[in-house]
Amino acid sequence: MRGASTVGTRILAGVGVLGAAGFLLCLDTGPVEVRLVTKSLPMLCLLLWLWPPRGRYARLIFAGLGLSLLGDVLLDASKALFLPGLGAFLLAHVSYTAAYLCATRELRWGRALPFLVLAVGASVVLGPHLGAMAGPVTAYVVVICTMTWRAAALLGASGLTRREQGFAFAGALLFALSDGVLAVKLFVTPVTGGSYVVMLTYWAAQLCIARSAHRAPAEA
């Protein structure tokens, strides 16, 4: 699919958009089977678009996308599968972090500071509401904030083009926003329209992250 024509890319984009629209139309109310299929389509299309992943960076991003798809399915299949779904997304962020470390291992501690503040702030806000979920959610917060730090560390590094660096960083920020809104909605207070914000920013995040690993055939 990497060598697919512009027409093939447009078909994947169209199917992904239709799946996203279908999921939003039946959000929280439609049959679980319909939600699972429509929710999976955007991620499946991204995986096909990136196939075959060339190079270690692309393979790790591909693995992260696959783990995210698994997390999507688990979270929507049953409330009893929340922890396995959370674990799948945690591993997706570990995979993204490993990809970013392939591009640069410079620490750039100054860029870590905003995400350290974000992790502490999230823990303070969410902590009183988590109960037995405190451990898993705190671990997840640490991992996603580490992922966003490493995406920020990419900027100006030599491992990726400036365009790819921008996509990776934008994707990480959008992912953090999506998960932040979801965490508030799940554990703190209802958020009007929150489910739509969560999904739209989530899909935008995954698209940006996938785009950071995509090369035209002549560039691969």
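Numbers at a glance
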item: Scope segment 163-220; condition surrounded by fewer than 18 Cβ atoms within 10 Å (Cβ to Cβ) and outside any helix (DSSP H, G or I); matching residues; result: THR189, PRO190, VAL191, THR192, GLY193, ARG215, ALA216, ALA220
item: Matching entry among GLY135, GLY110 (being out of contact with any Ser or Thr (no Cβ under 8 Å at 6 or more places or on another chain) and closer than 26 Å to ALA213 by Cα); result: GLY110
item: Residues that are out of contact with any Ser or Thr (no Cβ under 7 Å at 6 or more places or on another chain), of a type outside the set (Asp, Glu) and over 14 Å from ASP179 (Cβ atoms), drawn from segment 62-86; result: PHE62, LEU65, GLY66, LEU70, LEU74, ALA77, SER78, LYS79, ALA80, LEU81, LEU83, PRO84
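Residue-by-condition table, conditions (1) modelled with pLDDT of 95 or more; (2) among the acidic types (Asp, Glu); (3) buried (at least 17 other Cβ atoms within 10 Å of the Cβ):
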residue: ARG59; (1), (2), (3): yes, no, yes
residue: PHE62; (1), (2), (3): yes, no, yes
residue: LEU65; (1), (2), (3): yes, no, yes
residue: ASP72; (1), (2), (3): yes, yes, yes
residue: SER78; (1), (2), (3): no, no, no
residue: TYR96; (1), (2), (3): yes, no, yes
residue: ALA112; (1), (2), (3): yes, no, yes
residue: LEU126; (1), (2), (3): yes, no, yes
residue: GLY135; (1), (2), (3): yes, no, no
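The values are calculated or read from the model by the stated rules, or taken from the named source; none is laboratory data. Please read these numbers as outputs of a predicted model, since none were measured by experiment. With ideal geometry, Cβ positions are generated from the backbone for all residues, glycine too; neighbour counts draw on all protein chains shown.
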